[in-house]
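Data first, discussion second: the structure below is written as structure tokens.
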Amino acid sequence: MSDKDTIILGVIGADCHSVGNKILELFFTSEGFKVVNLGVMVSQQEFVDTAIETNAKAILVSSLYGHGEIDCQGLRELCIEKGVDPIILYAGGNLVVGKTPFSVVEEKFKKMGFDRVFPPDVDLKQVANLLRKDIQEKFGQARQKEEERSL
């Protein structure tokens, strides 16, 4: 069994912006995560199916074309329905159309069940540290029990 936590990465919906997605893949890989990058134009179902197949701890959804709010609605519910909850859900990028204050965007996504929401100019090192912390809090106790059983 690998020590690395698996995370799913992709650009949701009809968004085809790929440069930032590749940067995220390289960054999170360098931070020690096992990254499964689904690329661009990814459906909610693809995110969830891949999370099931890989036993992922987190799904990181990005969107740059401004329709993330529409594309992400119902993702937490789908995770619950398919049995991959608790899973950590992060969203980041240019998530809505227009000049909506980030605090309003963040609140909308948290109401949709996302654990954390990030603006396009976020410090990725901070995101990696938060992700490690969130994984430890959500999955650390379960992992510890598994290790105790295997002794």
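Bear in mind that the values in this text are calculations on the coordinates, not laboratory data. In this text, all values refer to a predicted model and were calculated from it rather than measured experimentally. Every residue, glycine among them, receives a Cβ derived from its backbone with ideal geometry; neighbour counts consider all protein chains shown.
If Lys and Arg each add +1 and Asp and Glu each add -1, what is the summed charge of the other residues whose beta carbon sits under 15 Å from the beta carbon of V104?
+1
Diagonalising the gyration tensor over the Cα atoms of the chain and scaling each eigenvalue by 5 before taking the square root yields semi-axes of 25, 16, 15 Å, largest first.
So how tilted is helix 44-54 from the main axis of the chain? Cα-based, degrees 0 to 90, rounded to 10. Rounded to the nearest ten degrees, it is 20. Annotation: amide H of A58 within the under-5 Å range of I8, I88, sequence separation 5 or more or interchain, hydrogens built in the peptide plane. Applying 1/(1 + (r/R0)^6) with R0 = 30 Å to the Cβ-Cβ distance of V97 and D49 gives a FRET efficiency near 0.60. Summary of packing: across the peptides 96-108, 126-138, 44-56, the per-residue average of other C-beta atoms within 10 Å ranks them, highest first, as 44-56, 126-138, 96-108. Residue-wise HN-Hα couplings along segment 17-22, as the Karplus relation 6.51 cos²θ - 1.76 cosθ + 1.60 with θ = phi - 60° gives them from phi, are 6, 9, 5, x, 4, 5 Hz; Gly and Pro carry x.
Sequentially through segment 86-97, phi angles give Karplus couplings (6.51, -1.76, 1.60; θ = phi - 60°) of x, 10, 7, 10, 10, 10, x, x, 8, 8, 9, 7 Hz, Gly and Pro residues having no value and appearing as x.
Once Rh is set to the Kirkwood radius over Cα pairs, what Stokes-Einstein translational diffusion coefficient, in µm²/s, holds for segment 1-70 at a temperature of 37 °C and a viscosity of 0.692 mPa s?
270 µm²/s
Using all pairs of distinct alpha-carbon atoms, the Kirkwood hydrodynamic radius of segment 15-55 works out to 11.0 angstrom.
Backbone phi angles across segment 107-120, fed through the Karplus curve with coefficients 6.51, -1.76 and 1.60 (θ = phi - 60°), yield HN-Hα couplings of 4, 4, 6, 5, 5, 7, x, 7, 6, 8, 9, 10, x, x Hz in residue order; Gly and Pro are listed as x.
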